[in-house]
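Encoded as structure tokens, the structure appears first; notes follow it.
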Amino acid sequence: MNMYDAFSKNKYTKWYINIIEKAKVRNHIKYRFDGYETHHIIPRSCGGSNDKQNLVCLTLKEHFIVHLLLLKMYQDNKKYKMYNAVHRMLVSGKYRYSSSTYKIAKTHHAIATSKQRSKKTDREKDISRENLKKACEVNRGRKYSTEHRTNISKALKGKKFEKNMPRGANHHMSKKITDGINIFISQSEAAEYYKITIQAISYRIKNKVGSWSIIHER
């Protein structure tokens, strides 16, 4: 059985196979941070394995493109899983994409998520409510030992707590950072400025993407 039989028969599948087969011929051996990523030809979330024949090395651009193609190659629940995969790629900060691509992917991900949640049966919803109720009951009226309360008291002694209290000056999230042009007082400020997640900012700093770095003050 051909492994590509798992996909819908359309032009997107042909484009997908073309990219995969060319990558196989290239036979690149991945090295850490070399601009390539390992791709599961049949996604793991859709039944694919980690076997060698199901793996191929793709460039970052190819990897992003094939995941966009997979959106057109699956239906129903599997399509929802592919939207999740693309959404994770969008917020990782590793891939370049146009604003229109971002808008389309985010919009469809939101729609797919909404549809997936609405498919829950009444029984599944009742189970979720029951589990939440049980979790609340476990901690309700819970009594702690004198030793436990003493240890908590000692740990909190002398500490002042205020609403939205900022992190300590030595916390990595509180240090000033720069993208080479702008200076931000924290990663959260940079994330707000660029309208992306804090994780994406952290990735850029950690992997020295572009001119991103922490400003070390003396």
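The values are calculated or read from the model by the stated rules, or taken from the named source; none is laboratory data. All figures in this text were calculated on a predicted structure; none of them were measured in a lab. Every residue, glycine among them, receives a Cβ derived from its backbone with ideal geometry; neighbour counts consider all protein chains shown.
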Exercise. Mind listing whichever residues of the stretch 177-218 are of a type in the set (Ser, Thr, Tyr), over 21 Å from TYR95 (Cβ atoms) and either in contact with a Pro (Cβ under 9 Å, 6 or more places away or on another chain) or part of a loop (DSSP other than H, G, I, E, B) (or both)?
Key: SER186
Practice problem: All but one of (1) more than 28 Å from ASN207 (Cβ to Cβ); (2) touching a Gly at 6+ places or on another chain (Cβ under 7 Å) hold for ASN54, so report the exception by its number. | Solution: (1)
Quiz item: Assuming ILE42 fulfils every condition listed in (1) in a loop (DSSP other than H, G, I, E, B); (2) modelled with pLDDT of 90 or more; (3) touching a Lys or Arg at 6+ places or on another chain (Cβ under 8 Å); (4) of a type outside the set (Lys, Arg) apart from one, which condition is it?
Solution: (3)
Quiz prompt | Any chance ILE42 is closer than 25 Å to ALA112 by Cβ and among the β-branched types (Val, Ile, Thr) | solution = yes
Self-check item: the stretch 45-78, subset assigned to a loop (DSSP other than H, G, I, E, B) and in contact with a Ser or Thr (Cβ under 9 Å, 6 or more places away or on another chain), residue surrounded by the fewest Cβ atoms within 10 Å (Cβ to Cβ)
Solution: GLN75
Exercise. Identify all residues within the stretch 97-139 that are modelled with pLDDT of 70 or more and outside any helix (DSSP H, G or I); write none if there are none.
Key: TYR97, SER98
Quiz prompt | Residue count, the stretch 1-18 (criterion: of a type in the set (Phe, Trp, Tyr) and closer than 14 Å to GLY48 by Cβ) | solution = 3
